[in-house]
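These notes are about the structure you will find just below.
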Amino acid sequence: MANTTKDPTFHKKSWFRPRVEWLLAFLPVAFVLEFTHGPEVPLFITAALSVLPLALLMGHATEELALRSGPQLGGFLNATFGNLAELIIAFFLIMEGEIEIVKASLTGAIIGNVLLILGLSFLVGGWKRQHQTFSLASAELHSSTLVIAAIALLMPALFFASGDVTEFRTEAVSVGVSVVLILTYAFSLFFSMKTHRSLFAHEATHEKPKWSLRRSILTLGIATVFVAVMSEFLVGALEHTTEELGLSHLFVGLIIVPLISNAAEHASAIILAAKDKMSVAIEIAIGSSVQIALFVAPVLVFLSLLTGNHLDLIFTGFEIAAVGFSAAILAFIALDGRSNWFEGLLLLSAYVIMAISFFFL
Amino acid sequence: MANTTKDPTFHKKSWFRPRVEWLLAFLPVAFVLEFTHGPEVPLFITAALSVLPLALLMGHATEELALRSGPQLGGFLNATFGNLAELIIAFFLIMEGEIEIVKASLTGAIIGNVLLILGLSFLVGGWKRQHQTFSLASAELHSSTLVIAAIALLMPALFFASGDVTEFRTEAVSVGVSVVLILTYAFSLFFSMKTHRSLFAHEATHEKPKWSLRRSILTLGIATVFVAVMSEFLVGALEHTTEELGLSHLFVGLIIVPLISNAAEHASAIILAAKDKMSVAIEIAIGSSVQIALFVAPVLVFLSLLTGNHLDLIFTGFEIAAVGFSAAILAFIALDGRSNWFEGLLLLSAYVIMAISFFFL
Amino acid sequence: MANTTKDPTFHKKSWFRPRVEWLLAFLPVAFVLEFTHGPEVPLFITAALSVLPLALLMGHATEELALRSGPQLGGFLNATFGNLAELIIAFFLIMEGEIEIVKASLTGAIIGNVLLILGLSFLVGGWKRQHQTFSLASAELHSSTLVIAAIALLMPALFFASGDVTEFRTEAVSVGVSVVLILTYAFSLFFSMKTHRSLFAHEATHEKPKWSLRRSILTLGIATVFVAVMSEFLVGALEHTTEELGLSHLFVGLIIVPLISNAAEHASAIILAAKDKMSVAIEIAIGSSVQIALFVAPVLVFLSLLTGNHLDLIFTGFEIAAVGFSAAILAFIALDGRSNWFEGLLLLSAYVIMAISFFFL
């Protein structure tokens, strides 16, 4: 449901995309630092900065492929590759055994989408405007999916909190829940592409592809490979970097990793909000969260079974609280159908307060 | 507020009721198994299956009595006897000292009504339909009553969590809260039958009674006696059955007991949803939950004072979380006024995920 | 945003204000009891009763000053001095080292505004009326501000629950969060007085000041001094009184202190509700809560740094639950746009059940 380049005017505007692509200059720097065994903090930062334009390119290539392959398969491609950068980084974190950071990054992505992206969208879009309106039907549908998805994702933790936890039980519940989540995801694709397509119609549907099929596939493949390599560098330098900068693992997982892997989506949602296309901005932010809960999380659980480091879905109390709060806030906003700059500021305040709490934890 | 046979077409349709009443064949089997000291698992299952048609008969007889006694007394009868089967099973569980299962069955009934009944209603009703609409005013009123009732019911636990718990305090709070709940229930009857009757008007009001007064009272009496006997059998075989099948007490209380005692209501809500009478389906599901929180729970507390096994209202953390989540989900749905099959699927996903978690606990 | 005398008819009606002002008779009694070292329970009660008319006078004087100083400065005055009595009592409690009571009184004020004031307003206003309607836009805006403010206020506690708590970290987070809250407050004033003034327009705007500037300033000054003195007496007699009456500290903080400092607001909200001016009644109740979360709480944190007893923002689990529940209830009510007497009764039930739980804790 989420993709980074839904906006048709994206192609015409030349002032924004160059600025992001300039960040590709950090790609060779990261390579040099890695292979010269240079200092780890600059390596972490350059690898992180390189991921931003790569994720944007992946989104763009996916969108081009989607335009060529008709609405059905196209929607599936968009939905599946929309969070690919996130999936790749998380996979390398699992390989490294950083299970807590992976779980934190899943909840962090949901919080970030709801509080940070929507907050900035409302603030930027609402500035100089009395209020902005958006499609209530679409916002409600996405929000209720997110609320239920988040609840589903977090439920095992709650019931485990007081139980007699064994490794077998933890895994049985995590895998069982993952199966339910991914089935729900399959049905959600059937719903949004078959039985209720009209609810999800975008302004972008009459758009023509700009890239050739070959260019699209090549771009997607190359960008994916580079994101994987950068993720390797990132994860390798993570331990040392957090120590040197005095950051907690939780802060990295909840705030920094989601920022890196979702920056492209953040940018396009905010640009759309500034153009008063609030419905699409909200769809990107919330759709991306739904995908993380229903698709990325269970896929990571399954992938982790192939490695020695099994990912469970037993989140900590404050991860649950943070997501619960975000969902509650979303309820207020989605069931209202209009936004203004102060609502955006309130969302950002909540995000900053969370970040302060995470930082000192 | 909830009753099982509100639908006027119930009498005309002959294909459904026979199928339920066939289950009465298990009644003699249960008797034979009990008095021959037969194996306990089949006894548990046959007693459970016998309760389903008995509960349906009780609902039907209550409805017939209600039709004869005018809207005021009739509404009172429906409201009071609507969850009688639940009350009887819970009473025998209290007699047996299974306090944890009773408490779990109260929360399980609320979760089951909101997630399972509404989920199936939305899924079955929404299949082949773009969406279904329902009366927003009635849904809102019921939902807010449920949310506040559930909160009221769960609050003592929260405040006890961190306190200095003594038996006297536990009982003082449980009885005090029960008095408030039952007074609230009395006022809710006054509200729904006197000052705001129009908000609760059903399609069923112009219906004529089909049974004689004598037949109605006899049916109600006999069905109640048999439900009591079956409950005795059920509770007697419970300990052994859960052990043999490897089920946790919590799973039995939260999932199995509510399924047995509410199956009739489940069936009629889903049939109504399939006929696109979503307002009444929702009223049955949510009304039944309200009754459990405001009437069944406090009555059980008072009854338990007569036995040696006092029932308190101090629920566990995940019972609170499960009810809280269900209420939050309900908020999203009720304040929206329309449903589709995917919303139903999401509710069912949440229920299945809860059941998986309970099962492995 | 909240002030006690918004209603224009307040000045004309003479039957109500005299009754409150008669309570000033307790002021000299409190002085006599304090200086003769009389019994502490009567001192506590007379000091508490004296605060009620003084808070009303402060509110009235502020309103008169606001009318003289134009809408911009006037709004600022109303917003800043609206909870002055609360601020003064809390400050003396901090001086005395009663940090837990101060924190409880902050959450108690939010709960009291949402459950008790709104409950009584709905009950009294809805009596003999089918339903009352109120401005959805204003209620939504206030509610979402409150929900987010309350979340912001409570978040540090959640994240601390599982963390490695040191005194430095507690203070860093409390001060950091306070800075964010007070900045948010500043922006909320900018929002309500500059960019979105029209959303907050009252019936009272065409009102003329009745008091001279001199009389207003003198009244405000004298009432403030007496509130400070009475707070000193109150806090001094608190320890002994709670012990003698068998009340827990939490009960005093959550129920009694907020009742004393907010009684004037309670009264005017209920009177407005009875006159079917539900929009203003709701604005007083919720606006006052917003002010407590965004202004009173951070100001108290900063003031406490000047004393030896530092106030942190790490609330207990049931304070969080109580506020969370209140916010959830509010969501249901605010997003509905109409109220009736039974909704009021439900809110009051929730309040009474909370009070029972607090009492036995």
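Which residues, taken from region A:118-138, are surrounded by 21 or more Cβ atoms within 10 Å (Cβ to Cβ) and either touching a Ser or Thr at 6+ places or on another chain (Cβ under 9 Å) or within 14 Å of chain B (Cβ to nearest Cβ) (or both)? First the steps, then the outcome.
Going through region A:118-138, the residues surrounded by 21 or more Cβ atoms within 10 Å (Cβ to Cβ) turn out to be A:118-123, A:125-126, A:132, A:134.
Result: A:118, A:119, A:121, A:122, A:125, A:126, A:132, A:134.
Tell me, please, whether a residue that is surrounded by fewer than 24 Cβ atoms within 10 Å (Cβ to Cβ), outside any helix (DSSP H, G or I) and either modelled with pLDDT of 85 or more or not aliphatic (A, V, I, L, M) (or both) can be found in region A:245-253.
Yes, region A:245-253 contains a residue that is surrounded by fewer than 24 Cβ atoms within 10 Å (Cβ to Cβ), outside any helix (DSSP H, G or I) and either modelled with pLDDT of 85 or more or not aliphatic (A, V, I, L, M) (or both).
Which members of region A:328-337 meet the condition of being among the small types (Gly, Ala, Ser) and assigned to a helix (DSSP H, G or I)?
We begin by selecting, within region A:328-337, every residue among the small types (Gly, Ala, Ser); these are A:328, A:331, A:334, A:337.
Of everything in region A:328-337, those that are among the small types (Gly, Ala, Ser) and assigned to a helix (DSSP H, G or I) turn out to be A:328, A:331, A:334.
Which of the residues belonging to region A:30-66 are farther than 23 Å from residue A:81 by Cβ and touching a Pro at 6+ places or on another chain (Cβ under 8 Å)?
A:33
Going by the structure shown, is residue A:268 crowded, with 23+ Cβ neighbours inside 10 Å and in contact with an Asp or Glu (Cβ under 7 Å, 6 or more places away or on another chain)? Full working, then the answer.
Details: crowded, with 23+ Cβ neighbours inside 10 Å: yes; in contact with an Asp or Glu (Cβ under 7 Å, 6 or more places away or on another chain): yes.
The answer is yes for residue A:268.
Are any residues in region C:36-73 under 15 Å from residue C:241 (Cβ atoms), β-branched (Val, Ile, Thr) and over 23 Å from the mean Cα position of the chain (by Cα), and if so, which ones?
C:41
May I ask you to verify whether residue B:279 is more than 14 Å from chain A (Cβ to nearest Cβ) and open to solvent by 30 Å² or more (accessible area, probe 1.4 Å)?
yes
Among (1) among the charged types (D, E, K, R); (2) out of contact with any Asp or Glu (no Cβ under 9 Å at 6 or more places or on another chain); (3) closer than 29 Å to residue A:354 by Cα, where does residue C:312 come up short?
(2)
List, please: which pairs have Cβ atoms under 6 Å, are six or more places apart or on different chains, and start with a residue in region C:321-332 that is of a type in the set (Phe, Trp, Tyr) and end with one that is modelled with pLDDT of 75 or more?
Every condition considered, the pairs that remain are C:332/B:144; C:332/B:147.
For residue C:149, only one of the following conditions fails: (1) within 28 Å of residue A:318 (Cβ to Cβ); (2) more than 7 Å from every other protein chain (Cβ to nearest Cβ); (3) open to solvent by less than 20 Å² (accessible area, probe 1.4 Å); (4) modelled with pLDDT of 75 or more. What is its number?
(4)
Out of A:115, A:154, A:158, A:141, report the one residue that is open to solvent by 10 Å² or more (accessible area, probe 1.4 Å) and either at pLDDT 75 or above or touching a Gly at 6+ places or on another chain (Cβ under 8 Å) (or both). First the steps, then the outcome.
On the way: A:115 fails: open to solvent by 10 Å² or more (accessible area, probe 1.4 Å); A:154 fails: open to solvent by 10 Å² or more (accessible area, probe 1.4 Å); A:141 fails: either at pLDDT 75 or above or touching a Gly at 6+ places or on another chain (Cβ under 8 Å) (or both).
So the residue among A:115, A:154, A:158, A:141 that is open to solvent by 10 Å² or more (accessible area, probe 1.4 Å) and either at pLDDT 75 or above or touching a Gly at 6+ places or on another chain (Cβ under 8 Å) (or both) is A:158.
Please go through (1) without any contact (Cβ under 8 Å) to a residue 40 or more places away in the chain; (2) part of a loop (DSSP other than H, G, I, E, B) for residue C:218 and return the number of the only condition it doesn't satisfy.
(2) is the only condition that residue C:218 fails.
Consider region C:315-330. How many of its residues are at the interface with chain B (Cβ under 8 Å from one of its Cβ atoms) and either touching a Leu at 6+ places or on another chain (Cβ under 6 Å) or aromatic (Phe, Trp, Tyr) (or both)?
Taking region C:315-330 and keeping what is at the interface with chain B (Cβ under 8 Å from one of its Cβ atoms), we get C:316-318, C:321-322, C:325, C:328-329.
Next cut, either touching a Leu at 6+ places or on another chain (Cβ under 6 Å) or aromatic (Phe, Trp, Tyr) (or both) only: C:318, C:321, C:325.
Residues in region C:315-330 being at the interface with chain B (Cβ under 8 Å from one of its Cβ atoms) and either touching a Leu at 6+ places or on another chain (Cβ under 6 Å) or aromatic (Phe, Trp, Tyr) (or both): 3 in total.
What residue, of C:174, C:216, is away from chain A (no Cβ under 14 Å), in contact with a Pro (Cβ under 8 Å, 6 or more places away or on another chain) and modelled with pLDDT of 75 or more?
Working: C:174 fails: away from chain A (no Cβ under 14 Å).
Being away from chain A (no Cβ under 14 Å), in contact with a Pro (Cβ under 8 Å, 6 or more places away or on another chain) and modelled with pLDDT of 75 or more holds for just one of C:174, C:216, which is C:216.
The values are calculated or read from the model by the stated rules, or taken from the named source; none is laboratory data. Computed from a predicted model, the values in this text were never measured in an experiment. Because the Cβ atoms are built from the backbone with ideal geometry, glycine has one as well, and the counts that use them run over all protein chains shown. What goes into the accessible areas is simple: the full protein's heavy atoms, side chains included, and nothing from ligands, DNA or RNA. Shrake-Rupley method; radii C 1.70, N 1.55, O 1.52, S 1.80 Å.
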